[in-house]
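Visitor: I am attaching a structure below and will ask some questions about it afterwards.
The values are calculated or read from the model by the stated rules, or taken from the named source; none is laboratory data. Because the structure is predicted, anything quoted here is derived from the model rather than measured. Note that we place each Cβ from the backbone using ideal geometry, even for glycine, and neighbour counts take in every protein chain shown.
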Amino acid sequence: MLRLISRAAAAAAALSKQRNDTVLTSTSILNHQFFYSTKTQTKSSKKKQDDNKKSSKSKSKSSDANSLSAAAAAQADSADDLESVRARARRLAEDDRNPSLDVGPNHRPLFTKTTSLSLLTRKDACTYFKFSEDELKAMLPEGLPTGMLTEFKDSMRYALLVRQSFLDIRDHFRRIVDPSLQSTNGPKIRKQIVLDGPLCCGKSITLAMLVHWAREEGWLVLYVPRGREWTHGGYFYKNPQTGLWDTPLQAENVLKDFIKYNESHLRELPCQILDPIPLGEGAGVGLLKGVDSKEISEGSTLFDLVQMGINQMHASVGVVVRLRKELSLVKDIPVLIAIDQYNNWFTFSEYEEPVTIRSTRPVHARELAMVNAFRSMMHNDMMVGAFSHSTAVGKLRKDLPHVPVDARINLPRYSPDEAATVCHYYLRQRLVSREVFSEENWKKVYYLANGNGAEMRMLVPLMH
């Protein structure tokens with residue numbers, strides 16, 4: 001019995017070894033076939049390429065001719081487009097010598113004769129205000145919002161619609177500075193405002209015009225046209241002293257932009273906080289050895305403070321945070337803080353903090369030192385933040401942290417009267433021909449775009 005069992009076990013072991021050898025042999029063959037099949041395929045493909053070279057030579061001349069003709073056609077199209085733009089610019093220059101063309105709906109003047117945003121009245125609503133390129137560069141050196149640049153480019157004129165919503169906001173801040181203009185039965189005067197509203201309703205343009213007006217009035221204005229840049233790009237470091245994240249490159253750029261227009265004001269305003277500026281890490285260079293703060297000498301001005309942050313990157317974030325405190329203490333002239341793309345400060349930044357070797361944690365905007373210093377509206381300073389839905393942040397809740405509940409102002413899209421003026425302006429700027437322009441057609445454009453300014457500008461040339 002034991003002999004039979006041992007024989008069966010030996011037979012089973014031999015069979016198993018034979019199967020394993022078969023598997024190994026088949027696997028080796030498969031691998032060997034795959035290795036050579038690649039080479040064989042390469043050789044065959046090379047042979048096919050050699051065979052096709054002869055036939056391709058005959059076709060190469062025709063394909064080259066086709067590619068050349070396509071390139072020539074594309075070049076001709078671009079040349080035609082360029083020539084049509086130049087022709088339109090020449091015709092607009094000729095039209096400028098004919099004032100009879102500057103007519104809006106119901107034969108009203110299309111352009112206001114007022115030369116300053118400060119002098120605009122309600123009678124100027126639904127008319128266009130003319131700017132000059134040099135004026136815009138001087139008054140808004142930080143840059144213009146994208147919607148404003150697109151409007152100027154498509155219309156080929158530096159002009160913007162005077163909207164009643166802008167006049168209301170301008171007069172609101174005018175009453176804050178001059179209490180004699182306030183009425184006892186008037187609306188509540190709030191120094192903090194958030195401009196909200198649907199996509200392309202003019203929030204960024206309204207904010208830029210407000211900054212332009214405030215600077216005309218002699219105010220000190222900190223204007224941030226691209227608030228999203230405070231939460232995206234550049235280097236970021238966690239400051240062990242504050243527990244917040246420093247972004248030195250963004251801080252340096254903010255200080256450089258702030259000094260462009262406000263240098264004369266900053267030279268006259270003394271620093272009221274003389275505590276040392278804490279130093280952080282520089283962009284890509286780390287901490288300074290043996291130095292953790294920068295002294296502010298007595299008699300320094302805000303210009304000296306800003307220059308410190310520009311010249312020494314380790315102090316840039318600390319200077320921006322200190323500047324926010326200094327602006328609250330300025331009493332000699334009105335101070336306005338204007339932030340575009342303000343909604344980017346209530347969501348996550350693009351930065352991530354390593355948690356483990358394989359995981360990271362998204363850093364919220366409120367954890368950034370600069371955003372943390374400027375985001376809050378719970379103070380007595382004049383501040384305007386404009387939402388920008390083009391940055392795709394998403395819909396935020398109504399009760400934002402550190403923002404008064406009644407701070408939001410919803411800007412409307414174009415009204416029918418505003419849309420009529422806009423369409424007549426585009427007619428004046430030759431975006432549409434006079435042969436197809438009619439009241440019925442511009443109303444179709446208005447209702448199709450639902451008052452969206454960007455969509456109306458796109459649809460007006462399609463009238464037929």
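Visitor: Given the criteria out of contact with any Phe, Trp or Tyr (no Cβ under 6 Å at 6 or more places or on another chain), farther than 30 Å from Lys398 by Cα and free of Cβ contacts under 8 Å to residues at least 60 places away in the same chain, does Lys289 qualify?
Guide: Values: out of contact with any Phe, Trp or Tyr (no Cβ under 6 Å at 6 or more places or on another chain): yes; farther than 30 Å from Lys398 by Cα: yes; free of Cβ contacts under 8 Å to residues at least 60 places away in the same chain: yes.
So Lys289 fits the description; yes.
Visitor: Can you pull out the residues in the range 103-131 that are among the polar types (S, T, N, Q) and surrounded by 19 or more Cβ atoms within 10 Å (Cβ to Cβ)?
Guide: Residues of the range 103-131 among the polar types (S, T, N, Q): 106, 112, 114-116, 118, 121, 127.
Passing the criteria: Thr112, Thr127.
Visitor: Within the bounds of the range 248-267, is there any residue that is small (Gly, Ala, Ser) and in contact with a Leu (Cβ under 7 Å, 6 or more places away or on another chain)?
Guide: Going residue by residue through the range 248-267, those that are small (Gly, Ala, Ser) are 251, 264.
Right, trim to in contact with a Leu (Cβ under 7 Å, 6 or more places away or on another chain) and you get none.
Within the range 248-267 (the criterion being small (Gly, Ala, Ser) and in contact with a Leu (Cβ under 7 Å, 6 or more places away or on another chain)), the answer is no, since none of the residues qualifies.
Visitor: Quick test of your reading of the structure: Asp134 fulfils all but one of (1) assigned by TED's automatic domain parsing to the domain that holds His389; (2) surrounded by fewer than 16 Cβ atoms within 10 Å (Cβ to Cβ). Name the failing condition by number.
Guide: Of the numbered conditions (1) assigned by TED's automatic domain parsing to the domain that holds His389; (2) surrounded by fewer than 16 Cβ atoms within 10 Å (Cβ to Cβ), the odd one out for Asp134 is (1).
Visitor: Still on this structure, please answer the following. Would you be able to say whether some residue in the range 305-313 is among the aliphatic types (A, V, I, L, M), buried (at least 17 other Cβ atoms within 10 Å of the Cβ), closer than 22 Å to Trp230 by Cα and over 26 Å from the mean Cα position of the chain (by Cα)?
Guide: Here is the first cut: in the range 305-313, the ones among the aliphatic types (A, V, I, L, M) are 305-306, 308, 310, 313.
Of the ones still in play, those that are also buried (at least 17 other Cβ atoms within 10 Å of the Cβ) are 305-306, 308, 310, 313.
This time we only want the ones that are closer than 22 Å to Trp230 by Cα, so: 305-306, 308, 310, 313.
Okay, now just the ones that are also over 26 Å from the mean Cα position of the chain (by Cα), so 305, 308.
Scanning the range 305-313 turns up at least one residue that is among the aliphatic types (A, V, I, L, M), buried (at least 17 other Cβ atoms within 10 Å of the Cβ), closer than 22 Å to Trp230 by Cα and over 26 Å from the mean Cα position of the chain (by Cα).
Visitor: Of the residues Arg358, Arg322, only one is crowded, with 21+ Cβ neighbours inside 10 Å and either under 25 Å from the mean Cα position of the chain (by Cα) or in the same structural domain as Gly280 (by TED's automatic domain parsing) (or both); which? Walk me through it before giving the result.
Guide: Working: Arg358 fails: crowded, with 21+ Cβ neighbours inside 10 Å.
Among Arg358, Arg322, only Arg322 is crowded, with 21+ Cβ neighbours inside 10 Å and either under 25 Å from the mean Cα position of the chain (by Cα) or in the same structural domain as Gly280 (by TED's automatic domain parsing) (or both).
Visitor: Separate question: For the range 331-377: of the residues being of a type in the set (Gly, Ala, Ser) and part of a strand (DSSP E or B), which is farthest from Glu268 (Cα to Cα)?
Guide: Here the answer is Ser349.
Visitor: Report yes if Arg457 is surrounded by 17 or more Cβ atoms within 10 Å (Cβ to Cβ) and at positive phi, otherwise no. Full working, then the answer.
Guide: Details: surrounded by 17 or more Cβ atoms within 10 Å (Cβ to Cβ): yes; at positive phi: no.
It is false that Arg457 is surrounded by 17 or more Cβ atoms within 10 Å (Cβ to Cβ) and at positive phi.
Visitor: OK, next. Confirm whether Phe111 is without any contact (Cβ under 8 Å) to a residue 40 or more places away in the chain and either in contact with a Pro (Cβ under 8 Å, 6 or more places away or on another chain) or within 29 Å of His172 (Cβ to Cβ) (or both). Reasoning before the result, please.
Guide: On the way: without any contact (Cβ under 8 Å) to a residue 40 or more places away in the chain: no; either in contact with a Pro (Cβ under 8 Å, 6 or more places away or on another chain) or within 29 Å of His172 (Cβ to Cβ) (or both): yes.
Judged against the criteria, Phe111 is not a match.
Visitor: Follow-up. May I ask you to say which residue of Ser155, Ser100 is hydroxyl-bearing (Ser, Thr, Tyr) and surrounded by 16 or more Cβ atoms within 10 Å (Cβ to Cβ)?
Guide: Working: Ser100 fails: surrounded by 16 or more Cβ atoms within 10 Å (Cβ to Cβ).
Step by step, each of Ser155, Ser100 is checked, and only Ser155 is hydroxyl-bearing (Ser, Thr, Tyr) and surrounded by 16 or more Cβ atoms within 10 Å (Cβ to Cβ).
Visitor: I need the full set of residues from the range 114-148 which are free of Cβ contacts under 8 Å to residues at least 24 places away in the same chain and more than 25 Å from Phe173 (Cβ to Cβ), in order please.
Guide: Correct list: Asp134 only.
Visitor: Which of the following residues is over 28 Å from Leu329 (Cα atoms), assigned by TED's automatic domain parsing to the domain that holds Glu263, in contact with a Leu (Cβ under 9 Å, 6 or more places away or on another chain) and surrounded by 14 or more Cβ atoms within 10 Å (Cβ to Cβ): Pro198, Pro145? Full working, then the answer.
Guide: Working: Pro145 fails: assigned by TED's automatic domain parsing to the domain that holds Glu263.
Every option except Pro198 fails the conditions.
Rundown of residues vs (1) assigned to a strand (DSSP E or B); (2) under 15 Å from the mean Cα position of the chain (by Cα); (3) under 30 Å from Arg457 (Cβ atoms), yes/no style:
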position	(1), (2), (3)
Thr184	no, no, no
Arg190	no, no, no
Leu195	yes, no, yes
Leu199	no, yes, yes
Ser204	no, yes, yes
Met209	no, no, yes
His212	no, no, yes
Arg215	no, no, yes
Val221	yes, no, yes
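Visitor: When you go through Ile277, Ile333 one by one, which is the residue that is among the β-branched types (Val, Ile, Thr) and surrounded by 21 or more Cβ atoms within 10 Å (Cβ to Cβ)? Before the answer, list the steps.
Guide: Working: Ile333 fails: surrounded by 21 or more Cβ atoms within 10 Å (Cβ to Cβ).
Within the list Ile277, Ile333, the selection yields Ile277.
Visitor: Okay, moving on. Which numbered condition in (1) assigned by TED's automatic domain parsing to the domain that holds Asp102; (2) polar (S, T, N, Q); (3) closer than 28 Å to Ser328 by Cα is the only one that Ser438 fails?
Guide: The one condition Ser438 does not meet is (3).
Visitor: Are any residues in the range 378-430 part of a helix (DSSP H, G or I), aliphatic (A, V, I, L, M) and in contact with a Phe, Trp or Tyr (Cβ under 8 Å, 6 or more places away or on another chain), and if so, which ones? Give the steps one after another, and end with the answer.
Guide: We begin by selecting, within the range 378-430, every residue part of a helix (DSSP H, G or I); these are 389-391, 405-407, 416-428.
Narrowing further to those that are aliphatic (A, V, I, L, M): 405, 407, 419-420, 422, 427.
Once the filter is applied, which keeps residues that are part of a helix (DSSP H, G or I), aliphatic (A, V, I, L, M) and in contact with a Phe, Trp or Tyr (Cβ under 8 Å, 6 or more places away or on another chain), the range 378-430 yields Ala419, Ala420, Val422, Leu427.
Visitor: Follow-up. Could you run through the range 223-267 and say how many residues are outside any helix (DSSP H, G or I) and either crowded, with 24+ Cβ neighbours inside 10 Å or touching a residue at least 12 places away in the same chain (Cβ under 8 Å) (or both)? Before you say what the answer is, go through the steps one by one.
Guide: Just the residues of the range 223-267 that are outside any helix (DSSP H, G or I), to begin with: 223-226, 231-247.
Right, trim to either crowded, with 24+ Cβ neighbours inside 10 Å or touching a residue at least 12 places away in the same chain (Cβ under 8 Å) (or both) and you get 223-226, 231-239, 241-242, 244-247.
Matching residues across the range 223-267 total 19.
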